[in-house]
């Protein structure tokens with residue numbers, strides 16, 4: 001087998017084998033080589049699985065999964081396939097709850113397409129700590145305005161805020177676009193939108209049309225909220241307990257966000273949505 005792993009590895013050997021090799025070669029590769037630590041052989045195996053899938057499609061996947069492999073082997077096999085409905089449905093079917101994390105914690109969501117009909121995918125990603133991937137799946141589906149689900153989008157963004165280490169998995173432009181879609185929904189849960197805008201406040205570009213619309217409307221219409229924000233942003237010099245030296249990182253972030261919100265705010269306090277002054 002190692003003699004095959006020369007040249008262009010993944011593409012020329014793996015995919016070609018997958019497309020042309022007989023069952024004897026397949027038996028030599030699967031499942032025994034799924035967990036190889038050899039990088040070249042790993043590429044060959046990945047190419048083989050893709051080549052096989054492209055030529056034999058889902059019936060071949062079902063044939064493989066019916067071979068009574070152990071859960072680790074099934075998960076590793078599924079991870080080599082495109083991220084699409086037929087594949088994640090089989091991950092749910094063939095991996096029980098005690099093993100499904102082997103798939104959902106590692107699946108590459110960027111090699112496929114998610115649609116609004118597959119809410120369970122978002123739930124699975126969130127359950128297994130992939131909140132950034134969940135947000136990006138939704139963000140990439142924003143072209144489908146008809147099926148846009150604001151509740152699901154809100155759920156994913158709030159879940160991400162509880163798991164901020166996933167920040168490297170998301171992209172600013174797509175997240176802001178998602179928030180702007182939520183801002184345009186009259187029935188959106190406004191309290192949750194406040195929370196989302198507040199936490200993503202540093203992501204809004206001040207010199208663009210991007211803005212925390214819900215928070216700004218709240219400041220304009222709610223004197224108590226406006227006063228509280230001023231209090232957070234501009235501490236009294238006599239308030240020694242809240243001096244910069246004694247503020248922890250969380251307090252500093254709150255102060256900075258309050259100041260940023262007020263500084264970038266383009267409306268006068270008391271001005272209603274219809275332009276009248278309250």
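The values are calculated or read from the model by the stated rules, or taken from the named source; none is laboratory data. The structure displayed is predicted, hence computed values, not measured ones. Cβ atoms come from the backbone with ideal geometry, glycine included; neighbour counts cover every protein chain shown.
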Practice task
Confirm whether residue 147 is touching a strand residue (DSSP E or B) at 6+ places or on another chain (Cβ under 7 Å) and surrounded by fewer than 19 Cβ atoms within 10 Å (Cβ to Cβ).
Solution key: no
Handout entry: From 114, 88, residue being within 22 Å of residue 153 (Cβ to Cβ), touching a strand residue (DSSP E or B) at 6+ places or on another chain (Cβ under 9 Å) and not in a helix (DSSP H, G or I)
Key = 114
Exercise for the section: Kindly indicate whether any position in the range 93-100 is more than 14 Å from the chain's Cα centre (by Cα), on the phi > 0 side of the Ramachandran plot and surrounded by fewer than 21 Cβ atoms within 10 Å (Cβ to Cβ). Expected result: no
Practice task
Please note which helices (runs of 4 or more DSSP H) are completely contained in the range 210-278 and include at least 2 residues that are modelled with pLDDT under 90, in the same structural domain as residue 174 (by TED's automatic domain parsing) and under 30 Å from residue 174 (Cα atoms).
Solution key: none
Handout entry: Members of the range 85-118 that are closer than 25 Å to residue 144 by Cα, touching a helix residue (DSSP H, G or I) at 6+ places or on another chain (Cβ under 7 Å) and without any contact (Cβ under 8 Å) to a residue 24 or more places away in the chain
Key = none
Practice task
Scan the range 101-111 for residues that are in a helix (DSSP H, G or I) and surrounded by 15 or more Cβ atoms within 10 Å (Cβ to Cβ) and report the count.
Solution key: 5
Practice task
Could you please find all residues in the range 43-80 being surrounded by fewer than 17 Cβ atoms within 10 Å (Cβ to Cβ) and within 18 Å of residue 20 (Cα to Cα)?
Solution key: 54, 55, 56, 57, 58, 59, 60, 63
Handout entry: Output for the range 119-141, where each listed residue is farther than 13 Å from residue 166 by Cα and either assigned to a helix (DSSP H, G or I) or in contact with a helix residue (DSSP H, G or I) (Cβ under 6 Å, 6 or more places away or on another chain) (or both)
Key = 119, 120, 121, 122, 123, 124, 127, 137, 138, 139, 140
